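Input: a single structure, listed below in structure tokens.
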Amino acid sequence: MILAIDTSTAACSTALFGVDGELVERRHEVIGRGHAEKLVPMIEDLLGNHVPTRIIVGVGPGSFTGIRVGIAAAQGMSIGWSVPLHGMSSLALLAAAAVGTDKVAAAMQGGHGELFVQQFTCKPLKPIADHQSLAPPAAARVIDAATVVGPGAQALVDARHTGEAWDNYPDAANAMHLPKPLRSLPPKPLYGRPPDAKPKAA
């Protein structure tokens, strides 16, 4: 079985899939903060007596803290169960919810009022360009998909004055909708921008 986890935003999301990729169980809660306290009990409740044979974890971009919590938990379980661990793009996970569209943009809040944005084709799901961290007016100049998904969707649509916003969070239940390259990333943080903290000058 395959365990998928995403904690890159205010949502704490886990899902369990069978060997053929069918969704068996899911848990998804918008909690804001507190992923470190919520995630492991949520996974224990999800798994019951099952032990996954593979783990997929959201690597970002998104919340620095949330990403680290998810990856650390996934790494610990991967070692404990001796199972493979892979990463998945959290923006691609958002885009995977837009079934039936030709092109979609994913948007979530970054730092300093910016948005993490990336545009995808949907048939098949494939990134058109790398993700970027941009202020909403700048994002509006580079994103032209009619449908925008994610917790930053409304801010981007408002800046563009056009488009449809789907205000949702990454859902681990959509993990198997991702093509293999987008759920076979290295399990390392993809922060999307440099950290705010700067080393002190000597």
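If you go through segment 18-41 one residue at a time, how many are under 13 Å from residue 69 (Cα atoms) and acidic (Asp, Glu)? Give the derivation first.
Step one: of segment 18-41, the residues under 13 Å from residue 69 (Cα atoms) are 33-40.
Narrowing further to those that are acidic (Asp, Glu): 37.
Here the count works out to 1.
Name the single residue, out of those in segment 59-110 being of a type in the set (Gly, Ala, Ser) and farther than 29 Å from residue 147 by Cβ, that is surrounded by the most Cβ atoms within 10 Å (Cβ to Cβ). Walk me through how you get there before you give the answer.
As a first pass, look at segment 59-110 and keep what is of a type in the set (Gly, Ala, Ser): 60, 62-63, 66, 70, 72-74, 76, 78, 80, 82, 87, 89-90, 92, 95-98, 100, 105-107, 110.
Next, only the ones that are farther than 29 Å from residue 147 by Cβ stay: 72-74, 76, 78, 80, 82.
Numbers: 72: 14, 73: 20, 74: 25, 76: 12, 78: 19, 80: 9, 82: 7.
Ranking the candidates gives 74 first.
In segment 137-153, which residue that is touching a helix residue (DSSP H, G or I) at 6+ places or on another chain (Cβ under 8 Å) and assigned to a helix (DSSP H, G or I) is most open to solvent (accessible area, probe 1.4 Å)?
Applying the filter and picking the extreme gives 137.
Hey, among the residues in segment 133-181 that are among the polar types (S, T, N, Q) and within 17 Å of the chain's Cα centre (by Cα), which one's nearest to residue 97 (Cα to Cα)?
Going residue by residue through segment 133-181, those that are among the polar types (S, T, N, Q) are 133, 147, 154, 162, 168, 174.
Still in the list and also within 17 Å of the chain's Cα centre (by Cα): 133, 168, 174.
Details: 133: 21, 168: 9, 174: 7 Å.
The residue in question is 174.
Hey, which of the helices (runs of 4 or more DSSP H) in segment 17-135, taking only ones fully inside, have at least 3 residues that are in contact (Cβ under 8 Å) with a residue 24 or more places away in the chain and among the β-branched types (Val, Ile, Thr)? Talk me through it step by step, then tell me what you get.
On the way: elements: 35-47, 64-81, 90-95.
Where helices (runs of 4 or more DSSP H) fall fully within segment 17-135 and carry at least 3 residues being in contact (Cβ under 8 Å) with a residue 24 or more places away in the chain and among the β-branched types (Val, Ile, Thr), they are 64-81.
The values are calculated or read from the model by the stated rules, or taken from the named source; none is laboratory data. Source: prediction; values computed, not measured. Cβ coordinates were reconstructed from backbone atoms using ideal geometry, including for glycine residues, and neighbour counts include every protein chain displayed. Surface areas here come from the heavy atoms of the whole protein model, side chains and all, with no ligands, DNA or RNA. Shrake-Rupley method; radii C 1.70, N 1.55, O 1.52, S 1.80 Å.
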